[in-house]
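The structure under discussion appears below in the form of structure tokens.
The values are calculated or read from the model by the stated rules, or taken from the named source; none is laboratory data. Predicted model, so just to flag it, every value in this text is computed and none were measured. Quick reminder, even Gly has a Cβ in these numbers, built from the backbone with ideal geometry, and neighbours come from all protein chains shown. Heads up: the accessible areas ignore ligands, DNA and RNA and are worked out on the full protein's heavy atoms, side chains in. Shrake-Rupley method; radii C 1.70, N 1.55, O 1.52, S 1.80 Å.
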Amino acid sequence: MAWALKLPLTDEVIESGLVQDFDASLSGIGQELGAGAYSMSDVLALPIFKQEESNLPPDSDNKILPFQYVLCAPTSPAVKLHDETLTYLNQGQSYEIRMLDNRKIGELPEITGKMVKSIIRVVFHDRRLQYTEHQQLEGWRWNRPGDRILDLDIPMSVGIIDPRANPTQLNTVEFLWDPSKRTSVFIQVHCISTEFTMRKHGGEKGVPFRIQIDTFKENENGEYTEHLHSASCQVKVFKPKGADRKQKTDREKMEKRAPQEKEKYQPSYETTILTECSPWPEVTYVNNSPSPGFNSTHNSFPVAEGYNLLPTATPQDAQQWLHRNRFSPFCRLFTNFSGADLLKLTREDVIQICGPADGIRLFNALKGRVVRPRLTIYVCQESQQAREQHPKHENGDAAASTFFVYHAIYLEELTVTELTEKIAHLFSISPRQINQIFKQGPTGIHVLVSDEVSSHTFILHL
């Protein structure tokens, strides 16, 4: 075997060779990419710019997308190229969503021949409204008693099994389906986009919604909790026939635009493909963790000790604190917040997240601010032995050497009934044992306490 020894090249030789290669690689570029070689329409015709191919993020080319959901409603032509598609829907009209099995042969064999569960939601697209979603939906429920935001049109649907609509979740429906069989679900959205806008002078634009579908498979316990795929699309809902008029208006506006302007907008597609997204967060701690315990007895002070949130509180402790202080609707937003994270929020941050009313209440609760009682009464129980050992002076006051322990009672309603109940609780007796309450006057007289008298601060000797 012969060995060939190559001498090392000098730096000058290497540099000259690279320059020649670079010059050669540049030759012909002006000829290939000359003026008019490519037009914008040709570029937009490439597959990477088509809606069907651009739904997934760039880094998910190799990711398995087991399903595809297609909403049978056209997209708006008045959407710019790099923006998300927008679809107009009519209120109460049934729209088909095709549930397509997108798996390749051999992918996800564990769901072959089995059912999967899909949950469809109508949620807010605007982040500001997402923070106040519970309040917005409760307001809609109040104005539209008995109605739902999202419904299934079961007679028109094909291939769905065990459809359900939770009465407490107006914007959610769920069902089981077999990916190997043809499945189409028809949905109806009963709220319109302008119902959640700030009404000022009329003619306001409606807020966009999102239709999101989350699909799960069974776990070992037979529960559909293992996430498989999620996708969503942006929609606006109009009154009946309003979506058709809006679609026509957008199409006419685009036809009047110059060709150069039209190239900045994406064409209208006959159907809307839901794009992959993150799964909708579920409040799992409500079912899996025990509910915070409450003491059935009343506290004499409005807020008992230990109810303040501490910086050392874990996220689980913070969730229980939110539940205990009636902030359950915001638990999902603060799922991973520890006590220190919540306490760092400013007043403006909390109001922006929770809205003015609940935001101020949450901020005051975080800072440990309690409402001052309307009246404070100091009560002392004087024993018979103390009465005999310490006679009173002429002015009716007890001797200065007498030592009494007073208890503070905080009143909010300023009524004799409230005072009676709190005195009975303080001394562990039944309120029925207290017939009347007297206030000792400055000269030793006894004044019967009524609702009018109880509105002034005084000291009681019992």
**Q.** Members of region 114-140 found to be farther than 18 Å from ILE192 by Cα, in a loop (DSSP other than H, G, I, E, B) and open to solvent by less than 70 Å² (accessible area, probe 1.4 Å), listed by number
**A.** MET115
Q | Matching residues, region 394-441, being polar (S, T, N, Q) and modelled with pLDDT under 80 | A | ASN395, SER401, THR402, GLN440
Q. Would you say LYS262 is modelled with pLDDT of 90 or more and farther than 30 Å from GLU107 by Cβ?
A. no
Q: Evaluate the following for VAL237: is it part of a loop (DSSP other than H, G, I, E, B) and of a type in the set (A, V, I, L, M)?
A: no
Q) Hey, ARG245 hits all of (1) surrounded by 19 or more Cβ atoms within 10 Å (Cβ to Cβ); (2) charged (D, E, K, R); (3) within 21 Å of GLN93 (Cα to Cα) but one; which does it fall short on? A) (1)
Q: Please state which of the following conditions PRO163 fails to meet, knowing it meets all the rest: (1) open to solvent by 30 Å² or more (accessible area, probe 1.4 Å); (2) assigned to a strand (DSSP E or B); (3) touching a residue at least 24 places away in the same chain (Cβ under 8 Å).
A: (3)
Q: Return yes when THR215 is β-branched (Val, Ile, Thr) and under 28 Å from GLY146 (Cβ atoms) and no when it is not.
A: no
Q.
Tell me whether region 202-217 contains one or more residues that are touching a helix residue (DSSP H, G or I) at 6+ places or on another chain (Cβ under 9 Å) and more than 24 Å from GLY355 (Cβ to Cβ).
A. yes
Q. Quick check, is SER180 assigned to a strand (DSSP E or B), surrounded by fewer than 19 Cβ atoms within 10 Å (Cβ to Cβ) and small (Gly, Ala, Ser)?
A. no
Q.
at pLDDT 90 or above and not assigned by the TED database to the domain that holds ASN325: is that true of SER291 in this structure?
A. no
Q. Hey, ASN143 hits all of (1) more than 28 Å from GLU226 (Cβ to Cβ); (2) at pLDDT below 95; (3) buried (at least 16 other Cβ atoms within 10 Å of the Cβ); (4) not basic (Lys, Arg) but one; which does it fall short on?
A. (3)
Q | Count of region 406-427 residues which are over 44 Å from the mean Cα position of the chain (by Cα) and assigned to a loop (DSSP other than H, G, I, E, B) | A | 1
